[in-house]
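Novice: First the structure, then my questions, so here it is.
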Amino acid sequence: MNGICAHLEQLPLDPMPAGGCEECLAIGSTWVHLRYCVACGHTGCCDASVNQHASKHWATTGHGVIRSKEPGEHWAWCYQDEVIVRTG
């Protein structure tokens, strides 16, 4: 890491489980892209999605670091510091 964001310095790269946006699945909605919360494992939809569940998860829990769950995408984002880093 390059020291830009302390939240991303010890980023866990554990395997992400399969599955879609938890809230969208519960309400029968769809999503554009998926994001994975590294603090608790929550899967939410991105800000381009109608429901923006990943951002809402951050706002309600304070879990500010997500990884992309999209195939071929290897990056993480810190909501608080608005910093993105490549993870692979």
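Novice: Would you point out which residue out of Ala26, Ala59, Ala76, Ala18 is free of Cβ contacts under 8 Å to residues at least 24 places away in the same chain and under 13 Å from the mean Cα position of the chain (by Cα)?
Specialist: Just a single option satisfies the conditions, and that option is Ala59.
Novice: In the range 31-47, what residues are in a loop (DSSP other than H, G, I, E, B) and in contact (Cβ under 8 Å) with a residue 12 or more places away in the chain?
Specialist: Of everything in the range 31-47, those that are in a loop (DSSP other than H, G, I, E, B) and in contact (Cβ under 8 Å) with a residue 12 or more places away in the chain turn out to be Trp31, Val32, His33, Val38, Ala39, Cys40, Gly41, His42, Cys46.
Novice: Follow-up question, since we're still on this one. Is it true that Val50 is in contact with an Asp or Glu (Cβ under 9 Å, 6 or more places away or on another chain), of a type outside the set (Asp, Glu), surrounded by 11 or more Cβ atoms within 10 Å (Cβ to Cβ) and without any contact (Cβ under 8 Å) to a residue 60 or more places away in the chain?
Specialist: no
Novice: Go through (1) in contact with a Gly (Cβ under 8 Å, 6 or more places away or on another chain); (2) part of a loop (DSSP other than H, G, I, E, B); (3) open to solvent by less than 30 Å² (accessible area, probe 1.4 Å) for His57 and report which single condition fails.
Specialist: Tallying (1) in contact with a Gly (Cβ under 8 Å, 6 or more places away or on another chain); (2) part of a loop (DSSP other than H, G, I, E, B); (3) open to solvent by less than 30 Å² (accessible area, probe 1.4 Å), His57 fails exactly one: (2).
The values are calculated or read from the model by the stated rules, or taken from the named source; none is laboratory data. Predicted model only: the values in this text are computed from it and were never measured. Cβ atoms come from the backbone with ideal geometry, glycine included; neighbour counts cover every protein chain shown. For accessibility, only protein heavy atoms count, side chains too; no ligands or nucleic acids. Shrake-Rupley method; radii C 1.70, N 1.55, O 1.52, S 1.80 Å.
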